[in-house]
1. Expressed in whole Å with the largest first, what are the equivalent ellipsoid semi-axes of the range 1-145 derived from the C-alpha gyration tensor as the square root of 5 times each eigenvalue?
2. Starting from the Cα of Ile259, step 7 Å toward the Cβ, then list every residue of the range 228-253 with an amide N under 18 Å from that point.
3. If you take the charge dipole of the chain about its Cα centre, with +1 on Lys and Arg Cβ and -1 on Asp and Glu Cβ, which of Ser53, Val263, Ala162 is farthest toward its positive end?
4. Sort Thr119, Thr163 so the one with the fewest other Cβ atoms within 10 Å of its own Cβ comes first.
5. For Arg85 and Ala247, calculate 0.36 nm times their separation in residues minus their Cα-Cα distance, and state this gained length in nm to one decimal.
6. His44's amide H: which non-local residues (gap 5+, or another chain) put their own amide H closer than 5 Å, with H modeled 1.01 Å from N in plane and none for Pro or chain starts?
7. Work out, in µm²/s and without decimals, the Stokes-Einstein translational diffusion coefficient of the chain at 25 °C, 0.890 mPa s, Rh from Kirkwood over C-alpha pairs.
8. Would you please put 32-39, 261-268 in order of how densely packed they are, using the mean number of other Cβ atoms within 10 angstrom per residue and starting with the highest?
Amino acid sequence: MPSTACPRSVDLRNKRTLVTGSTSGMGYAIARALAEAGAEVHLHGRSADGVRSALEQLRHECPSSVAHGHAYELADSDQVAALLRAVPDVDILVNNTGPTRSRSVLDIDPDEWQRYLNTYVTAGMLLGRAYLPKMSARGWGRVLYGAGVTCSFSPGDTDVAATMTAWLTSKAAMLGLARSLAEVAAGTGVTVNAFIPGPTHTEESFLAQASLPPGESFHDFEERFFAGQGMSSLLGRFIEPRELASAVVLLLSPEASAITGAVLRIDGGIIRTAV
Ligand SMILES: NC(=O)c1ccc[n+]([C@@H]2O[C@H](COP(=O)([O-])OP(=O)(O)OC[C@H]3O[C@@H](n4cnc5c(N)ncnc54)[C@H](OP(=O)(O)O)[C@@H]3O)[C@@H](O)[C@H]2O)c1
């Protein structure tokens, strides 16, 4: 009897996942999409209250999920070590954490600069190198790093890129980290990739890019934002966190086994090159 081709949805049952920075925004959306695909999910943020409320929300929205929560400050390597003791092994690691806006390179003090590098680059390295050998030994794993586009296009704030040096530097370093770990993982069945989100409809993006002026609706703000100087989005609107999460979950799925050492843009077409 001929086999029938049936549409499949992503199946991540029996996969343990950790998504850093998943108490809100795109991290929460990714964690929720992983839970919907059947994965066991470890949520993470800095504050215990934030973690508790994200966990409650996830259990409410996805009642069959197996979810845990962890509060650790990733700028501090002792707390990264504590997170690793709490979650010693996973099949899927998504590095999504972190603050966005940073001060101008002329004003930032060295401690603050170091906090960005610690939160994004050092924590990403420590988590990646802790989980990678265990994933490799099992012959399957997924490591993903969230980067970001150069946000130089906000209307009325044309020097955003110049004022976000610590953020941009950290995010660029994560692309190098992801590619390097992909090389280390060659031939093991573990893939390591990065993704570049465009402007996404999260609380952080409003804090970073603009707050709504009094009397302006979100719709008006969105129109003004995407009509702004230098803005080149093909999508012409904010990306919804669930849209971003759907693309990320595909990259984390068994079906994406041939994608490694890559950078996936989920940016609404802002970067105007095909490759
Ligand atoms: N939204 C966008 O348009 C956009 C575009 C490109 C890139 N990005 C990047 O994507 C990532 C997520 O953005 P988002 O908009 O979804 O942000 P968000 O809603 O503010 O979420 C940030 C998450 O990171 C956690 N976090 C922040 N600093 C941390 C630290 N030092 N240690 C541990 N956890 C920390 C927060 O936890 P608590 O608040 O509970 O502490 C929260 O869970 C960020 O790195 C951001 O720069 C965002």
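1. 30, 18, 15
2. 239-253
3. Toward the positive end, the furthest listed residue is Val263.
4. If I rank by nearby Cβ atoms, fewest first, I get Thr163, Thr119.
5. Details: separation 162, 0.36 × 162 = 58.32 nm, distance 2.98 nm.
Result for the pair: 55.3 nm of gain on full extension.
6. Correct list: Val19, Gly21, Ser22, Thr23, His70.
7. 127 µm²/s
8. On the way: 32-39: 23.1, 261-268: 17.9.
Ranking the peptides 32-39, 261-268 by packing returns 32-39, 261-268.
Every read-out reported here was derived from the displayed coordinates using simple, explicitly stated rules and does not represent laboratory data. Not measured: the values here are computed from a predicted model. Please note: Cβ atoms are built from the backbone with ideal geometry, for glycine as well, and neighbour counts cover all protein chains shown.
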